[in-house]
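Everything below concerns the one structure shown next.
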Amino acid sequence: MSIVETPAPKESEVLTAPSSPPRGQGLSLRLRSSLQQLLAFGSLIVLVVFFGVMNARFLLPGNLSDILLSTVVIGLLALGATFVIVTGGIDLSVGTGMSLCSVMVGVVLTYLGLPIWAGIAGGILMGAVIGAVNGFLISFLKIPPFIATLATMLVCQGMALVVSGTKPIYFTGTEGFANLALGKPIAGLVIPNAVFIFFGAAALAGVVMSKTLLGRYTFSIGSNEEATALSGINVRSWKLWIYTAAGAFTGLAGVIIAARLNSAQPGQGMGYELQAIAAVVIGGTSLAGGKGSIVGTVIGALIMSVLTNGLRVISVPQEWQNVAIGVVILVAVYLDMLRRKEAAK
């Protein structure tokens, strides 16, 4: 008796995740995800009402604009982190990587004297390179994501200081660069350009996550990497692309924070990665991978900003602000663990 081997399907033939649940179960998962997003949004509303009652100054248009502006950088980092965490990975390099990207913007605009568009492209490209390095270390060298991105975090921190000469790079000679973040698209509007850039990037990330092969394979890898590989998908290459795309969002965050501060601060960035990861988890993305949404991440980033701003407005000391944020992160992770246990039943 001869055994006929069936060739593995090509990547182009696999349009859905190989571990897709049955139709009824898939509907249940989508409903559960929508419910979690509604709960996160409800939590956001409760926080806004609470801080508004505690101090009426919280609801002033200027303060709400500040909240939105403070959401932008963490939100952009969280968008990229969502792709990584959905695969079951982690990226600790986004904070210092953002600093290196902002320094690269300074090199292009201040040292080389190139146009603003070149500086923007240079910052985003630097972020994509950092992401590609992470993807290569994790996918091809099989280094655990935690260790690989921890090493990249330290490398980016050092390179930012080396390239900048340990000094900030100012953009005072680059007319109009600060308007990229702080300019108003409509006269009299309190919402700055950076907020519109963030929501535009979130819309793009949402389309990529839900409508493209990159997004489908992101969920597939996070749900069952081994089954994805057995389906004929080149998991290593797709992981490389996923981390590269995530790095591009880090690069955009570096551009925005440089424009907002009108300077590139090489020592900045440490700690941003924790806030970005917290925003992703609060938004309902599972640290185990295979589940998450861009809408949830945006809500999570807004919750982080509202919490930080609200505690400051009601005059809570900085040390207690850190305690409160830490407790929120613990609660979010614990709820994620409960969701996973419930889903496994």
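The values are calculated or read from the model by the stated rules, or taken from the named source; none is laboratory data. Model, not experiment: these values are computed from the prediction. Cβ coordinates were reconstructed from backbone atoms using ideal geometry, including for glycine residues, and neighbour counts include every protein chain displayed. Protein only, heavy atoms only, side chains kept; ligands, DNA and RNA dropped before computing areas. Shrake-Rupley method; radii C 1.70, N 1.55, O 1.52, S 1.80 Å.
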Inset, instruction - Evaluate the range 197-210: report whether one residue or more is more than 16 Å from the chain's Cα centre (by Cα), open to solvent by 50 Å² or more (accessible area, probe 1.4 Å) and not hydroxyl-bearing (Ser, Thr, Tyr). - result: no
Legend entry - Where Gly290 falls short, out of the listed (1) more than 30 Å from Glu226 (Cβ to Cβ); (2) within 22 Å of the chain's Cα centre (by Cα): (1)
Inset, instruction - Look through Ile299, Ile329 and report the one residue that is open to solvent by 50 Å² or more (accessible area, probe 1.4 Å), under 19 Å from Ala78 (Cα atoms) and assigned to a helix (DSSP H, G or I). - result: Ile329
Inset, instruction - Among the residues of the range 158-170, count how many are touching a Ser or Thr at 6+ places or on another chain (Cβ under 6 Å) and crowded, with 20+ Cβ neighbours inside 10 Å. - result: 2
Inset, instruction - Mind listing whichever residues of the range 144-154 are open to solvent by 30 Å² or more (accessible area, probe 1.4 Å) and either farther than 14 Å from Leu92 by Cα or in contact (Cβ under 8 Å) with a residue 40 or more places away in the chain (or both)? - result: Pro145, Phe146, Leu150, Leu154
Inset, instruction - Could you check, for the range 34-52, whether at least one of its residues is open to solvent by 10 Å² or more (accessible area, probe 1.4 Å) and among the aromatic types (Phe, Trp, Tyr)? - result: yes
Legend entry - Count - residues of the range 236-283 that are at negative phi, assigned to a loop (DSSP other than H, G, I, E, B) and either surrounded by fewer than 24 Cβ atoms within 10 Å (Cβ to Cβ) or among the β-branched types (Val, Ile, Thr) (or both): 4
Inset, instruction - Just one of (1) open to solvent by less than 30 Å² (accessible area, probe 1.4 Å); (2) touching a helix residue (DSSP H, G or I) at 6+ places or on another chain (Cβ under 6 Å) trips up Ser231, so point out which. - result: (2)
Legend entry - Residue that is nearest to Val129 (Cα to Cα), among those in the range 56-86 that are open to solvent by less than 10 Å² (accessible area, probe 1.4 Å) and not aliphatic (A, V, I, L, M): Gly80
Legend entry - Pro115 being open to solvent by 20 Å² or more (accessible area, probe 1.4 Å) and either out of contact with any strand residue (DSSP E or B) (no Cβ under 8 Å at 6 or more places or on another chain) or among the basic types (Lys, Arg) (or both): yes
Legend entry - Search result, residues across the range 179-198 that are free of Cβ contacts under 8 Å to residues at least 24 places away in the same chain and under 13 Å from Val73 (Cα atoms): Asn193, Phe196
Inset, instruction - Could you please tell me which pairs satisfy a Cβ distance under 8 Å, a separation of 6+ or placement on different chains, a first residue in the range 218-239 that is charged (D, E, K, R), and a second residue that is in a helix (DSSP H, G or I) and surrounded by 15 or more Cβ atoms within 10 Å (Cβ to Cβ)? - result: Glu225/Val235; Arg236/Ser139; Lys239/Gly135; Lys239/Ile138; Lys239/Ser139; Lys239/Ile221
Legend entry - Answer from Ile85, Ile67, Ile90, Ile74 - the residue that is more than 14 Å from the chain's Cα centre (by Cα) and of a type in the set (A, V, I, L, M): Ile67
Legend entry - Complete set of residues in the range 228-259 that are over 13 Å from Gly127 (Cα atoms) and of a type in the set (Ser, Thr, Tyr): Thr228, Ser231, Ser237
